[in-house]
1. Can you list residues from other chains, or at least 5 along the same chain, whose modelled amide H is less than 5 Å from the amide H of Gly115?
2. Assuming R0 = 25 Å, can you tell me the calculated FRET efficiency for the pair Thr36 and Arg126, based on Cβ-Cβ distance, to the nearest 0.05?
3. Let me have the 222 nm mean residue ellipticity of the chain computed from DSSP H runs of 4+ only, each contributing -39500 (n - 2.57), with the sum over all residues rounded to the nearest 500.
4. Would you mind putting 31-38, 127-134 in packing order, based on average other-beta-carbon counts within 10 Å, highest first?
5. Return the whole-Å distance between the Cα centroid of region 163-206 and the Cα centroid of region 96-144.
6. Give a residue-ordered list of calculated ³J(HN,Hα) values for region 25-32 (Karplus: 6.51 cos²θ - 1.76 cosθ + 1.60, θ = phi - 60°; whole Hz; x for Gly, Pro).
7. Sorted by packing (mean other beta-carbon atoms within 10 Å per residue), highest first, where do 88-94, 185-191, 155-161 land?
8. Pick out, in residue order, every one of the GluC sites (Glu not before Pro) in region 111-213 that is DSSP loop and has at most 15 other C-beta atoms within 10 Å; say none if there are none.
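Just so it is clear, none of the values below were taken in a lab; they were calculated from the coordinates. The shown structure was predicted, so the numbers you read here are calculated from the model rather than taken from an experiment. FYI the Cβ positions are ideal-geometry reconstructions off the backbone, even for glycines, and counts take in every protein chain you see.
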Amino acid sequence: MTKVSTSESAWFSKKEPAGARLYVIPQAGGGAASVTPLRRALEPRVATVAVRAPFRESRLAESLPGSLHALADDLTEAISAHAGEESFLILGHCSGALLAYETAVRLAGRGGMRGLVVSAQVAPERFAPVPTRSMSPGAFHAYVEEHELVPREVLDTPALWELLRPTLRSDLRLYEEYRPSSHVLDVPVLALHGVHDARLHASDVAAWRSRTCADFQHVTLARSHDYLDSRPEELAGAVVAALPHFAPFPPCP
């Protein structure tokens, strides 16, 4: 495999025109395509840029860095170059919320970042991943199905599952080895989760409050875990409703 690219075209779904934008980091195994339903639901109110990590989609030949912290280092540099002087928010869904937080930590003080949105994930200090490295293929498939880690159609299509499985297992390894930073952000944080998500307790999501000294909001959606894929319009509505919380982040005219 090749080393990690730092070019904007590799990391992001497209180059947005000048103006504020929302960077969206999908769940483990996800790529820019995972964000397409949300991007469509947000347009034209919010310019949305999907994050594409190494070892997936057009970057399949690139290896992942050795740790989530190293991945956050690389993503930080890519966002800094891509955003320039523009305002932006970062949204991470499921495990992607942890990468979003670590990236926000590194972007602190650089200007431009107006806030963090964490979706369907507990606060970093309460993150206790299930070890998957030693799972058999069958056990891993059952685990992914039980926890709704990928869309149903992927699990039901052997060719798609075989394509995604190595990426998902590699991503999960990074998260299983992750040890969070202790940094407290100075920008607002919005935490979202589905009230029917059996994996999460509201108090564990609300614990994101300790990760910012600025404003904090905790919003629930009447969904389970996979609303990024299954109900993107509801996630989009929650994000748009919270934009005043991130002032001076301006929506698209």
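1. Ile90
2. On the way: r = 30 Å, r/R0 = 1.21.
After rounding to 0.05, the efficiency reads 0.25.
3. -10000 deg cm²/dmol
4. Averaged packing, sorted descending, gives the order 31-38, 127-134.
5. 3 Å
6. Result, rounded to whole Hz: 9, x, 5, 3, x, x, x, 4.
7. With the highest mean Cβ count within 10 Å placed first, the list reads 88-94, 185-191, 155-161.
8. Filter output for region 111-213: Glu177.
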